[in-house]
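Step one of this worksheet: look at the structure below.
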Amino acid sequence: MGSNGVLSVPIVDLSAFTSDSDIDLRKRAAKDLAEKVRINGCVGISGHGLPSKVLEEAFRVAKRLFDLPYEEKMKAPHPDASVPHRGYSGTGREKGAAKTALENGEEAQKEVSLEPSDYKESYEIGSEENKVQYNIWLPEDVFPGFRDFTTKLYWDLNTTANAILEALIMSLELTEKESNNIRAIHGGHDNQLRLLHYPSISSEVLKKKEIGRLGAHTDWSTFTLLFQDAQSGLEFGDRKYGGFMPATPKEGVLYMNIGDMFQRISNGLYPSSIHRVVISGKDNGEETPERYSIPYFVAPLPDEVIEPQPSLVAALGKQVYEPVTFNSYSEQMFKATNVFDSKN
Ligand SMILES: O=C(O)CCC(=O)C(=O)O
Ligand SMILES: [Fe+2]
């Protein structure tokens, strides 16, 4: 419990998994992870092994990207389809009519542009070897070095993700066969790196409308690493007491949330965490400052069977979820929500 009576997101030190540590240290860290992540499917992770210099550079690169004129960013447009889920999505793409109206200064249309979805823009990046979810890049001269830097960042993040996957596997005390299977379906080429920018929201806009930044949702993939700048706003749902707990930005700590696929793999033992991003300043009438975040979604091979692990089914005495593939699951969710992934 935090000092203000609001539950806080528990922190786990996983340095045993990112350095040469003996098995006992790893077991202890895995046990700590198990106890904390099973509560709400979310934890802060220290000792994650990503140098702060890399992360600082990542946020500088994201800022430079989103600072580009809209026309330049639109040289790598996200297609009007769910696949590939890559490239730039901005206010213009989602609300083209509203943008034009805004530029023309038409008051009636302006209202349309004040929808929550206007208040974020994103750029999705994947593995260069993924031929289905292929990358959509800006021409090199628009942002020299962007492709190289983000491609390297993608694989640096995958190294951290692999360490966390090992900790998750150990925390569930799975058999060797189960562990190897989970490793095999997470080869790294199906992950997704997202650069996110939530522009500032003026107090006038705030007064007029109830605006959120990102509605409550679960991620559909296996688990997510979340990095954010110093602006708070990210919150995780508290299943036991209801409501949401803030994921306060902390130096050296990333937030990890379980996604729908790992909830299924763990037979429901680790819940897919509900989370959202809220505004600040509504009460005191101040502008909500802009915010940058970098989620990294770890996802399985799209056509492999994702199912509760037999040892966990035996322990519980029942299988909570039917087998699915990530592809079929995403398609089903896409139809149900009409958004490209778990975000609206
Ligand atoms: O911006 C954030 O901190 C969270 C983003 C998020 O939950 C998502 O993109 O799925
Ligand atoms: Fe999310």
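Annotation: GLN263 fulfils all but one of (1) touching a residue at least 60 places away in the same chain (Cβ under 8 Å); (2) part of a loop (DSSP other than H, G, I, E, B); the unmet one is (2).
Here are LEU195, LEU234: which of them is of a type in the set (A, V, I, L, M), within 13 Å of ligand 2 (Cβ to nearest atom) and either over 30 Å from VAL313 (Cβ atoms) or crowded, with 21+ Cβ neighbours inside 10 Å (or both)?
Numbers: LEU195 fails: within 13 Å of ligand 2 (Cβ to nearest atom).
Among LEU195, LEU234, only LEU234 is of a type in the set (A, V, I, L, M), within 13 Å of ligand 2 (Cβ to nearest atom) and either over 30 Å from VAL313 (Cβ atoms) or crowded, with 21+ Cβ neighbours inside 10 Å (or both).
Restricting ILE185, ILE201 to those that are more than 16 Å from ligand 1 (Cβ to nearest atom), of a type in the set (A, V, I, L, M, F, W, C) and either under 27 Å from ILE39 (Cα atoms) or in contact with a Phe, Trp or Tyr (Cβ under 8 Å, 6 or more places away or on another chain) (or both) reduces the list to ILE185. Considered as a group, the residues in segment 204-222 that are in a loop (DSSP other than H, G, I, E, B) and surrounded by fewer than 17 Cβ atoms within 10 Å (Cβ to Cβ) include one that is nearest to ligand 1 (Cβ to nearest atom), and that residue is GLY212.
Determine which member of the set ALA167, ALA230, ALA247, ALA163 is within 16 Å of ligand 1 (Cβ to nearest atom), of a type in the set (Gly, Ala, Ser) and touching a residue at least 24 places away in the same chain (Cβ under 8 Å).
Exactly one residue qualifies, and that residue is ALA247.
Within segment 237-247, being away from ligand 2 (no atom under 16 Å from the Cβ) and of a type outside the set (Phe, Trp, Tyr) holds for ASP238, ARG239, LYS240, GLY242, GLY243.
Yes/no per residue for (1) more than 25 Å from MET256 (Cβ to Cβ); (2) at pLDDT 95 or above:
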site	(1), (2)
ASP118	yes, no
SER122	no, yes
SER127	no, yes
ASN130	no, yes
ASN135	no, yes
LEU138	yes, yes
ARG147	yes, yes
LEU153	no, yes
THR160	no, yes
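Among what's in segment 241-292 and is of a type in the set (D, E, K, R) and surrounded by 15 or more Cβ atoms within 10 Å (Cβ to Cβ), pick the residue that is modelled with the lowest pLDDT.
Applying the first criterion (of a type in the set (D, E, K, R)) to segment 241-292 yields 250-251, 260, 264, 276, 282-283, 286-287, 290-291.
Narrowing further to those that are surrounded by 15 or more Cβ atoms within 10 Å (Cβ to Cβ): 260, 264, 276, 282, 287, 290-291.
Working: ASP260: 98, ARG264: 98, ARG276: 93, LYS282: 59, GLU287: 83, GLU290: 92, ARG291: 94.
Out of the qualifying residues, it is LYS282.
Would you mind stating whether PRO77 is surrounded by fewer than 16 Cβ atoms within 10 Å (Cβ to Cβ), over 17 Å from VAL253 (Cβ atoms) and touching a Phe, Trp or Tyr at 6+ places or on another chain (Cβ under 7 Å)? The answer is yes for PRO77. A Cβ distance below 9 Å, combined with a sequence gap of six or more or placement on separate chains, defines the contacts here; from segment 269-290, residues that are farther than 22 Å from GLY243 by Cα reach residues that are modelled with pLDDT of 75 or more and assigned to a strand (DSSP E or B) in the pairs GLU287/ILE201; PRO289/ILE201; GLU290/HIS197; GLU290/TYR198; GLU290/ILE201.
Please find, within segment 215-231, the residue that is farthest from ligand 2 (Cβ to nearest atom) out of those that are polar (S, T, N, Q) and touching a helix residue (DSSP H, G or I) at 6+ places or on another chain (Cβ under 8 Å). Give the derivation first.
First pass over segment 215-231, keeping only residues polar (S, T, N, Q): 218, 221-222, 224, 228, 231.
Subsequent filtering for residues that are touching a helix residue (DSSP H, G or I) at 6+ places or on another chain (Cβ under 8 Å) retains 218, 221-222.
Details: THR218: 7, SER221: 9, THR222: 13 Å.
Taking the candidates together, the pick is THR222.
Give me the residue from segment 83-107 that is within 23 Å of GLY212 (Cβ to Cβ) and surrounded by fewer than 16 Cβ atoms within 10 Å (Cβ to Cβ) and, out of that set, modelled with the highest pLDDT. Of everything passing the filter in segment 83-107, GLU94 is modelled with the highest pLDDT.
The values are calculated or read from the model by the stated rules, or taken from the named source; none is laboratory data. In this text, all values refer to a predicted model and were calculated from it rather than measured experimentally. Here the Cβ is made from the backbone with ideal geometry for all residues, glycine too, and neighbour counts use every protein chain on show.
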